Each structure stands twice: as structure tokens, then as C-alpha cells.
Amino acid sequence: MSRDAYDILARVFGYNAFRGEQQAIIGHIAAGGDALVLMPTGSGKSLCYQVPALMRPGTAIVVSPLIALMHNQVSALREAGVAAEYLNSSLDPESARATERAMRAGNLDLLYVAPERLMTPRFLDSLDHLRDTGRLALFAIDEAHCVSQWGHDFRPEYLQLSILPGRYPAVPRIALTATADRQTRDEIIQRLRLGAAQCFISSFDRPNIHYTIVEKADPRRQLLNFIRDEIHSRFSRAAGIIYCLSRRKAEETAAWLQEHGIAALPYHAGLPASVRAEHQGRFLREDGLVMVATIAFGMGIDKPDVRFVAHLDLPRSIENYYQETGRAGRDGLPAQAWMAWSPGDVVQLRRMIDSGEGEVGMDYETYRRLARNRLDALVGLAETTACRRQQLLAYFGEESAVCGNCDNCIDPPNTWDATEAARKALSCVYRTGQRYGAGHLIDVLRGELTDRVRDKGHEGLSTFGIGNDLDEKHWRMVFRQLVAHDYVCVDHERHNALALTEAARPLLRGEADLLVRLPSGKLHRSKRQRKDAARVRGIPGGVPATLFERLRAWRADTAQIRNVPAYVIFHDATLRDIAISRPTTIKDLRKITGIGERKLEAYGEEILKIVAAC
């Protein structure tokens, strides 16, 4: 690779080495090749187009779906001394025209633009001008999964980007995403006409994220205990994101957390645009805020110091879960992914799937089948008694060893062989005509002579009383697991009546077993978990807390003056390294990862004074 790439990496971005496949990707794009890049969040995808953009002559066009993402990326590039701008609806007409003039004059290294703006005749004319004068460096299509008509992040305007290779055949294109299973990858390649592109697929593993999934008991209290015990005991002023399925739940949860001393804000599409903008701005700029949101929040949030992502409801798929949890720990420091779920979530999501209308270009039955399959895979992850990371990576086709950094590895769950009970339950569903809900079926199984049992004549069934060895609580758990495993389906039109599915046949025939987790019934951690957390209290990595906090306070003040998010000045990881190494000269400071020449010149002396004062 050209030494220019290493020079740019060190001088502009402050890094002394490439990570993973960055070097190969950058070399391929800089040489004029097309690429599809799949990298987990926080692994340095942006450098894969930013470095070749500075290596190649002209302006690189970066297609981005969100205004907030553009603003943050451009702010960070400007801090590093790169000529970067954006074009979107937030600009007034005169500012937009000034940016367009700078682009046509070749004065920009990178220009971020929304896909709908790129496709306007005016902008395409400017691109033609750059092409004809040899000043169009490359196209970077960020968040490329937005082209997938399956995903909830689908953007119809992304489909129009297929014109780029025909109109600008000599200009390299790089499509990037952190979340794509095989079907989504194929869709990206097809719709963006990247058939000849080289695919770079990095490991999906995020080893710094600890995964915990619990069954709901008192979910708000469980969440509060998690934040206090697992987050606040280890990190000061820790930022987090909490996902809820409904807008109302997001608002109520944020208010409840505020009452209990947690700085929390709600975010969902039903809030006024001004409120959403204010809350998002505060989350990006302030330390220690927790955003309680629906899926309307998150994509393009380039905040590296999010210490936890929590789910109070089950997401719709493993892709969604992976993408959302991946917003934690982008700085590489320890982070937590915590989720509380119940089989009732599964019922609710399946009902939403069954009442949906499918996606554009996809018939209803295909949509329903794919959606249910993806949901089932996530339920399998929630219910597994094995290593969660191993199962999560296996979904994306990646083999791995047990991780030792998930709840199942650290504190293996108790299990119960529920096969025999499940067969009794399925038989009861069948014998009663597949027309009754769990409550009535449990009465029959336990031999309870209720008025309804007598009225229906079910005391004479062969399944009457065959389950009197289990109490109602255990039978409800069995039925929840049967629904979650799709052995029975819920008929919402008939008062939640349960009916057998085709998947129940092997279980009834004795060809399959059902092993389920035993609910712990605990809202607090085990003694072992509390002991482990106690050993790592304070700033991660043994960082001197006083110096680290003074550096963070200086960063917050500087960011406020510069009107940029704090992490645009420096990441927590950089401040941690400064606090550990305690540099005394500019030469020492230059060795710290994340400090390029521009930032060294702007902030070096101030940092050395802070270090010397501690």
C-alpha cells in the first residue's frame, strides 16, 4: 500500500496502525475498485472511505441517510483538519449554494449528502462536472442496508443509487453496513449493482460487549437494578440507550427513571421535531444521559461512549438486536447489552406480523414467513442455555468458541426437561378442540372442576387431571414456551385460543425434546456477579479517576465552545490513554492513539497543563 495511506492515518486521524481489513479495503478503493464492506459498529468503517478519499484526487461523495450522522461526521473531520461539508435540508438556501460552489470548484475533500438530494438534476449536473474535470474521487454509500426492502431501515430513495455505475463507471464505489445477513447482502449487491465488487466481511464479534438476557419479573425494577449495579458501579456518568416497543412506554419509562435519579429523556417519532432534535442534541453533547426510545432512534448515532444498550421489549429479529446492541461500546471499552423479555412479547410481535401488509415488492405470505423466521431465531437466542455470543455469531454464519462474557457463560442457567409436560399440554390442546386459551387448558390438565370445565364436558377427557403434579405457575411457563417455540399458535380472533402447528408433530411423536430455562425469580445479581463487579469499580482499565475526570470536564467545556459533541474532540479511550501514560511533552502526546496533527496543535498544550496539575 502507498505510504500516503499510513501518513494520512497518523497525521490526520492520529492512529499508528490499521485494524482488521481496513488496509486491504483502503488499498482496493484507492486503486479504483468497488467494494461491499460489512464491519461491526465501532470497528472503523468510516476510515475505509475517508482515507482513500484523501488519497484520490477530487471530492468524495458520501451518501448518508440521516442529518445527525452527517453533522457529526463532518464535525469530526473538520476537527481533524479535513475539508468536509454536508448538503441536507437543515441548510438555508445561501449555505447550500455556498457548499455547492465549493464542490464544483474542487475545494472539498468529502461531501456528505442525502440520497434524495444526490438524485436531483441540479446535483447530478454538478457530479457530471466533477467527473468531466477528473475531480470525482469516489462514492461511499453508508448504511447500505437501507437499500434492503426487508429491513425496518429501508429508504426507497436508496434504490435510485443503482444509476451510479452506469453514469460514473470509472468512479469507485464502496457500500458499507454493520448489519446484514446473507439475504440482505445479496439484496445490497443486486440493487446497487455491485456484482463485480469485492466483498470484505469482518468478524461480527464485539468482544467488549457483555450480553445479558433475563425473563421479565418486574422489568422496570430489573432495569433500574441493572443500571445501578452493573453500570453506575463501574462507570461515572455513563450514557445509555433503552429501547421500548411503544411510544407510550418510552415516555413512561423515561419519567420513571427520572423519578429514581437517572438522567433520562424520551425519544420517538410522535414527539415534535424540535423536541426530538433537542433530546438527540443533548444525548450527543452531554455525558451520562440515558435515551429511552423506540427504534426511531439510533441509526447513525456516532457516540462512542455509550456504555449500555437495554431492551425492555423483544426486538423483531436478531438483525435488529445486533444492530441496536452494537451502539454500545463503540470506543472498544467494556459495555453491556441487557434485555428483559417475556414470551408475551413474542405473542405481541407475531400479532403485529400477522396484521402487517408486507413490504414493497414482497407478497404478504413471503413477508409473514420471513418475519416469523427472524423472530423465531431471536427467541432461540433469548431462550438458549448455551453461550449467547456463540449463537449470535452463528446466525451470521460465523463460528466461534464460548465467550466467557455473557450471562450464560458466567452464571449458567438452571434447566428443566419439560418434554413430558409439553406433550401433555399439546394433547390437551388437541383433545379440547384447539378452541381454548391457556387458563382453561390448565384447569383441565390440573383436574380443576370449574363451571366452564363442567359446561364443556371436559372432565371426561383423557387429559383431565393428567397434569396435577405441576402448579399453575409451571403450566403457564410451559404454555409460554410452547408459544415461543411455535409449537402452538395464538388465535387472536378467538380470544387467544391455542392451536397446534405443524412444528408440534415431532414433539408429540417423541422425536424432539423441550429443555427450558428455569426462571430465577431474582431481580438482583448473584453473589458471584456482584463480587466480579466490585473488583472493577471505577474507570475501566485502572485509569487514575481524578485525572480522567478532569480531562473529561475540559473536553466538555471545549466541546461546548466548539458547538460539537464531546467525543468529536476526543474519545474516552484517548483520554484514558492520556491519564494512564501521563505525557509531559508534545512528543509524548503525539504517541497517544486518536491525536492527529491538527488536534495536537489545537489542544496539546492545554492537555499537558491538565496532566501536570494532577
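Extending each Cα 7 Å along its Cβ direction at Phe154 and Ala255, get the distance between those two points in nm, one decimal.
It works out to 3.5 nm between the two label points.
Can you give the local net charge around Pro169? Use residues other than it whose beta-carbon is closer than 14 angstrom to its beta-carbon, Lys and Arg +1, Asp and Glu -1.
+1
Estimate the FRET efficiency between Asp411 and His129 by the formula 1/(1 + (r/R0)^6), using the beta-carbon distance for r and 56 Å for R0, to the nearest 0.05.
In this case the efficiency is close to 0.35.
Add +1 for every Lys or Arg and -1 for every Asp or Glu among the other residues with Cβ under 14 Å from the Cβ of Thr450, and state the total.
With Lys, Arg at +1 and Asp, Glu at -1, the net is -2.
Taking just the alpha-carbon atoms of region 545-613, what radius of gyration and Dmax come out, in angstrom?
10.8, 29
Which pairs break 26 Å Cα to Cα here: Lys45/Lys303; Lys424/Lys473; Lys249/Lys303; Lys216/Lys249; Lys45/Lys249?
Table pairs above 26 Å Cα-Cα are Lys45/Lys249.
Work through the residues other than Leu498 whose Cβ is under 10 Å from its Cβ and net out their charges, Lys, Arg +1 and Asp, Glu -1.
+1
Order 498-511, 54-67 from most to least packed using the mean count of other Cβ atoms within 10 Å.
Descending mean neighbour count gives 54-67, 498-511.
Let me see the pair-distance distribution of region 416-517: every alpha carbon pair, 10 Å bin width, integer percents in order.
16, 53, 28, 2
Pulled fully out, how much extra length does the chain show between Arg505 and Glu601, if you take 0.36 nm times their separation in residues and subtract their Cα-Cα distance?
27.5 nm
Determine the distance separating the Cα centre of region 471-513 from the Cα centre of region 63-90; give it in Å without decimals.
A separation of 51 Å, based on Cα centres.
Given a Förster distance of 51 Å, report the FRET efficiency between Asp4 and Asp491 from their Cβ-Cβ distance, rounded to the nearest 0.05.
0.20
For Ser581 and Arg193, what does the FRET efficiency come to when R0 = 51 Å and r is the distance between their Cβ atoms, rounded to the nearest 0.05?
E between Ser581 and Arg193, to the nearest 0.05, is 0.60.
Viscosity 0.692 mPa s, temperature 37 °C: Stokes-Einstein D of the chain from its Kirkwood Cα radius, in µm² per second?
124 µm²/s
Cα-Cα pairs above 19 Å in region 155-305: how many percent?
Of all Cα-Cα pairs in region 155-305, 65 percent lie more than 19 Å apart.
For Arg454 and Ala512 in one chain, what is 0.36 nm times their gap in residues minus the Cα-Cα distance, to one decimal in nm?
Working it through step by step, the gained length comes to 17.5 nm.
Ranked from highest to lowest mean number of other Cβ atoms within 10 Å per residue, what is the order of the peptides 461-469, 480-488?
480-488, 461-469
Along the Cα-to-C-beta direction of Thr546, a point sits 7 Å from the Cα; which residues of region 559-580 have their amide N less than 15 Å from that point?
579-580
Name the shape class, rounded, prolate or oblate, that the alpha-carbon gyration tensor gives for region 3-201, where a ≥ b ≥ c are the square roots of its eigenvalues, rounded holds for a/c under 1.5, and otherwise prolate holds if a/b is larger than b/c and oblate otherwise.
rounded
For labels at Arg167 and Val275 in the simple 7 Å Cα→Cβ model, what's the distance in nm?
According to this spin-label approximation, the distance is 3.9 nm.
Evaluate the Debye formula for region 463-515 with equal point scatterers sitting on the alpha carbons, no solvent, and hand back log10 of I(q)/I(0) at q = 0.14, 0.18, 0.24, 0.25 Å⁻¹, in q order, two decimals.
Reported log10 I(q)/I(0), two decimals: -0.42, -0.70, -1.11, -1.14.
If I take every Cα pair under 8 Å that is 6 or more residues apart in the chain, average their sequence separation and divide by the length, what percent do I get for the relative contact order?
Rounded, it is 15 percent for the chain.
When the helix-only estimate is applied to the chain (DSSP H runs of n ≥ 4, each -39,500 (n - 2.57), divided by the residue count), what is the mean residue ellipticity at 222 nm, nearest 500 deg cm²/dmol?
Taking each H run of at least 4 residues, the total per residue is -13500 deg cm²/dmol.
FYI, it's all coordinate maths here, none of it is from the lab. Not measured: the values here are computed from a predicted model. Note: ideal-geometry Cβ built from the backbone for every residue, glycine included; neighbour counts use all protein chains shown.
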